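These notes are about the structure you will find just below.
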């Protein structure tokens, strides 16, 4: 039989112990997380008892996990990437609920990825120990250094045509966030330093001043960014004197720095294929100039009467323009090609257009004959 | 239209497209300098590495700051090593940028004018991941070492042969995520830390074998060797303190050198004048000068 005096002393002893010893700090551990493609492993590095929590649970950047006697917080703004070590550091806090024993405690937790997976928010199971051992869940973002790319743009199937001479052209860029649970922030834009024949700028459509912007999970930012392409005089020279016999193709490059919230910044290279093409009326001017030059040649070598030159020019000019139009149609719309004396000519380039005109100019009187045959109007016959 | 009219119009069009185009504006950055590595230059000035913003030179007397290298493009820097010499300091910076499924890593050498004078790089894929970390220079042998945080291994490269790929030098047994690295020239070994596991390992330069030296160190994020005193200073980032341990005796105990209320995230260490110690705090964006007795002498704010 238990003596009343003994129970009384045990009871007083417990009261004394609770009064004289400070409340014990808490212990926390986090379970590793398995995700498709890999794993994220947590380890608690250290803990420190606090007088009061330095964060507020209602703050947007604070996550909360709860058990019957404790509350666990994670300050997402305190997540850091350890560049020397390649892991992530989290700060978590735990406190007992009112009427539960224990002291608020700060925990430093590190996390490291294995495999390759997208950054994502996951429910992490934790164990908290004070007077009791309890289990709960808290939502935390996890990251992977070997992650697949999570921001992409659809590459251009056809090069964008930029007319020369022209002031500038804006080409919209479509960006897609492949993450389903986290937004992606575009933090900065770096322009390519190789801008010998143009000035380009990847920029916000509505402002020259860059400001960070977000793309929501699994969303598309269509035309928020535009490539502004401003060719300079060298681009025009390149159109006049192409280096290759193929239609001149250039690439414009810029880089986007982007990141998930609290993650490691990554870089996306955006490559825009560009073809500088002469402004169409300029092609006809080239044809006209070529025709004029070509029509002078027979006159200068004495094969053509000077008095008939102007009429011959008019006829060859007309035919030159028709030939240029037909050639443009064949090459541009029907994916065909134009050859003169076995040489392939691109009617969308200035020198070939000039050559077409020059050929017609040389043919001048025969063009005139041709026009006369098809036009019954009173056209005088040349000598 | 007359012939001359056509010619005039064409000439006008040609002249219009020959006009020069004005340069386009470039966006700028804003926040303060977060020191993740520190070094003392031959001039006595401090060199500070910020992972994103670049390299900065600081006059320790006036606290004046000037940029030496403005950013590393898409790369995030991990560490820096400096070898002072009469011909000019050699500055190495390790850096990496995540790529799809992997990481592009490189070490860049700069001169005192901030100009790049050499580069060593490599790419790590998922099965062989790379994250460059701590750096150490062995000026006598003209080589440098860089850790791969993701393997965990130490790579070596020849300072006289820029453009070559660093070669794997040693694997650290029992380590997970390597961080800081320092050359202990007296004992012909490298000391490498694992901030994830809180351990320090030694790698013998001749045998390339590793050995666990210390454990339970919190998050050792930066090393500094006091060659005169044969001591190793360790910045414990999560413990918010600087530790010190003797290097001559294997049984040396690790003790706390300084734990100051102003420490929030100590990431960088360098010696100042009179045996004082500079501590770079990444979180607070400050440099703190600590006396040999562990007392705070002054601070330089970098925000």
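The values are calculated or read from the model by the stated rules, or taken from the named source; none is laboratory data. Bear in mind that the values here come from a model prediction, so they are computed numbers and not experimental data. Every residue, glycine among them, receives a Cβ derived from its backbone with ideal geometry; neighbour counts consider all protein chains shown.
Across region B:220-239, the qualifying residues are those that are at pLDDT below 95 and within 14 Å of chain A (Cβ to nearest Cβ), and the one among them that is nearest to the chain's Cα centre (by Cα) is B:237.
Within region A:160-186, the set of residues being in contact with a strand residue (DSSP E or B) (Cβ under 6 Å, 6 or more places away or on another chain), within 13 Å of another protein chain (Cβ to nearest Cβ) and modelled with pLDDT of 90 or more comprises A:186 only. Quick check on region A:241-273: of everything there that is modelled with pLDDT under 85 and closer than 19 Å to residue A:175 by Cα, which residue is farthest from the other protein chains (Cβ to nearest Cβ)? For region A:241-273, the residue satisfying everything is A:251.
Here is a yes/no grid of residues against (1) more than 13 Å from chain A (Cβ to nearest Cβ); (2) at pLDDT 95 or above; (3) over 15 Å from residue B:35 (Cβ atoms):
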site	(1), (2), (3)
B:217	no, no, yes
B:247	yes, no, yes
B:252	yes, no, yes
B:256	yes, yes, yes
B:275	yes, no, yes
B:279	yes, yes, no
B:282	no, no, no
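Per-residue answers, yes or no, for (1) closer than 18 Å to residue A:349 by Cα; (2) surrounded by 18 or more Cβ atoms within 10 Å (Cβ to Cβ); (3) within 14 Å of chain B (Cβ to nearest Cβ):
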position	(1), (2), (3)
A:290	yes, yes, yes
A:296	no, no, yes
A:301	no, no, no
A:307	no, no, no
A:315	no, yes, no
A:322	yes, no, no
A:327	yes, yes, no
A:331	yes, yes, no
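For residue B:104, the criteria (1) surrounded by fewer than 19 Cβ atoms within 10 Å (Cβ to Cβ); (2) facing chain A (nearest Cβ under 10 Å); (3) in a loop (DSSP other than H, G, I, E, B) hold in every case but one, which is (3). When residue A:138 is tested against (1) buried (at least 19 other Cβ atoms within 10 Å of the Cβ); (2) within 14 Å of chain B (Cβ to nearest Cβ), just one condition goes unmet, and that condition is (2).
Of the residues making up region A:57-82, those that are more than 14 Å from chain B (Cβ to nearest Cβ), touching a residue at least 60 places away in the same chain (Cβ under 8 Å) and over 16 Å from residue A:27 (Cβ atoms) number 6. Checking every residue in region B:205-215 against the condition of being out of contact with any strand residue (DSSP E or B) (no Cβ under 6 Å at 6 or more places or on another chain) and at pLDDT below 95 gives zero matches. Here is a check on your reading of the model: is residue A:115 within 14 Å of chain B (Cβ to nearest Cβ), crowded, with 21+ Cβ neighbours inside 10 Å and either without any contact (Cβ under 8 Å) to a residue 24 or more places away in the chain or closer than 26 Å to residue B:146 by Cα (or both)? No. Quick check on my filter: what residues within region B:186-203 are more than 9 Å from chain A (Cβ to nearest Cβ) and closer than 10 Å to residue B:175 by Cα? Scanning region B:186-203 gives B:192, B:199, B:200, B:201.
Inside region A:118-135, can you point out the residues that are farther than 19 Å from residue A:76 by Cα and surrounded by 15 or more Cβ atoms within 10 Å (Cβ to Cβ)? Once the filter is applied, which keeps residues that are farther than 19 Å from residue A:76 by Cα and surrounded by 15 or more Cβ atoms within 10 Å (Cβ to Cβ), region A:118-135 yields A:128, A:129, A:130, A:134.
Checking the stated criteria, residue B:228 turns out to be under 21 Å from residue B:39 (Cβ atoms), without any contact (Cβ under 8 Å) to a residue 60 or more places away in the chain and assigned to a loop (DSSP other than H, G, I, E, B).
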